[in-house]
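Below is one structure; the comments refer to it alone.
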Amino acid sequence: MGRTLWLLLLFWLAVVIMTGKADGINNNFTSGGLFWSTAKEEGDLLHKAEAQDDSTTSAGDGDFDGGFSSLDGMLQWAIGHSDPVKLKERAEDFQRLSPSELNQRQMDVKELMEKLKTPSDAQLMKIAIDDLKNSSLSLEDRYRALQELLALVEPIDNANDLNKLGGLLVVMEELSNPDPDIRTIAAWILGKASQNNPVVQEQVLELGALAKLMKMVKSSFAEEAIKALYAVSALIRNSLVGQELFYAETGSVMLQDILRNASIDIRLRMRVVSLVGDLAESQSEDIGKAEMPSLRDRILLKSVVDLTASTDLDLQEKALVAIKNLLQLKTTEALVFKNFCALDDALDKMRKFLHDLMADESRRDYVMDVENLRSEVEFIFHEKLEEVQCHST
């Protein structure tokens, strides 16, 4: 809605309130939450407008754009930003109106207020969900409805309302849609709603979406695979139930396959190695929780270590973070990293690679950060090896 229309409406409200009592019009009526209080004397209002001029001007247009907590706040803003002389002249014009004419003006304001009403987020979500339930809805409109839900579920309160409104089941059904774009955005919605939200995590897991999403990670459509993995990650992060279900669905094999396949979109490999690092970190932080044996799998560990040979610096950095977190697990076997994964050789080759990159001044700072991380991983690794040697003697 344009600024001019708002200002016009607020001006009308101010003038009608100022003049209503003088003309004997009944000012107490409601319009969708709009309450017309009995108007004050014209002189009082003008005095208040002049008194507020200094305080409201300093706030600038930011007050207007920021919204108002009540209709009273809107009116005070309108009066405070009006020219008192013109306001008085306009009020006098209104006082010359007949009761029927003034009543018509009030009805105009009421109609305008009805048009300015905006539905709540819950109402918008319900509209989108109802659209998705319509089997005859066009593909374009179906995608539009999903886009609206994607934007609406970001606030945690809205995400919690999704299941109450019947939206989780509806969105899950779209995971089987023949169109890859529809499946992609549906997975994205589930991931966004579940992220850092134990309530929705549990709801989605109970509805059985994890297995379907894990199959979608293998999709030949890159965006679908990436968004499906995003949803999987959101469902199992900091969720013991989610992680147990993930490993029960051979999740470790899925991770290995992606990490070992150099032809797969590098964004997907980055997300997978980041997920491995996150899973290891969450287990090391939860002292009372038994560590998942899948993170000790030799093939998985070697797949992560092998990423240090990548020429992509971002992927190398994420691999180092994952290795660091894996090394800090109590059940980690340092000799596996040494003898099976050849971590010593991998770190040494990476040191030489980073040294050569130092010649590029534009990347030097980032390269130094990665080198510092590499040195930290090397230190932790050697500490682990020393512990093994001490126990063996």
Filter the range 214-226 down to residues that are surrounded by 21 or more Cβ atoms within 10 Å (Cβ to Cβ) and acidic (Asp, Glu), then give me how many there are. 1
Is the range 272-292 home to any residue that is over 25 Å from the mean Cα position of the chain (by Cα), closer than 30 Å to Leu357 by Cα and without any contact (Cβ under 8 Å) to a residue 24 or more places away in the chain? no
From Lys384, Lys324, Lys349, Lys318, grab the single residue that is basic (Lys, Arg) and at pLDDT below 95. Lys384
For the range 353-374 the number of residues that are open to solvent by 50 Å² or more (accessible area, probe 1.4 Å) and either under 20 Å from Lys324 (Cβ atoms) or in contact (Cβ under 8 Å) with a residue 60 or more places away in the chain (or both) is 5
Only one of (1) free of Cβ contacts under 8 Å to residues at least 12 places away in the same chain; (2) more than 21 Å from Leu207 (Cβ to Cβ); (3) part of a helix (DSSP H, G or I) is not met by Pro119, so which one is it? (3)
Among all residue pairs at least 6 apart or on different chains, which show Cβ distances below 7 Å where the first residue, located in the range 128-154, is under 15 Å from Met172 (Cβ atoms) and the second is part of a loop (DSSP other than H, G, I, E, B)? Ile129/Leu165; Ile129/Gly166
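Kindly provide the set of residues from the range 227-251 that are assigned to a helix (DSSP H, G or I) and surrounded by fewer than 20 Cβ atoms within 10 Å (Cβ to Cβ), ordered by number.
Taking the range 227-251 first, the residues assigned to a helix (DSSP H, G or I) are 227-236, 240-248, 251.
Matches in the range 227-251: Leu240, Val241, Glu244, Leu245, Tyr247, Ala248.
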Look at Asp265 and say whether it is modelled with pLDDT of 90 or more and among the acidic types (Asp, Glu). yes
Residues to consider are Leu152, Leu175; find the one that is within 17 Å of Ala231 (Cα to Cα) and out of contact with any Lys or Arg (no Cβ under 7 Å at 6 or more places or on another chain). Leu152
Filter result for Leu354 (in a loop (DSSP other than H, G, I, E, B), under 36 Å from the mean Cα position of the chain (by Cα) and among the aliphatic types (A, V, I, L, M)): no
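The values are calculated or read from the model by the stated rules, or taken from the named source; none is laboratory data. Being a predicted model, the structure only gives us computed values, none of them experimental. Cβ atoms come from the backbone with ideal geometry, glycine included; neighbour counts cover every protein chain shown. In case anyone asks, the SASA skips ligands and DNA or RNA and just uses the protein heavy atoms, side chains included. Shrake-Rupley method; radii C 1.70, N 1.55, O 1.52, S 1.80 Å.
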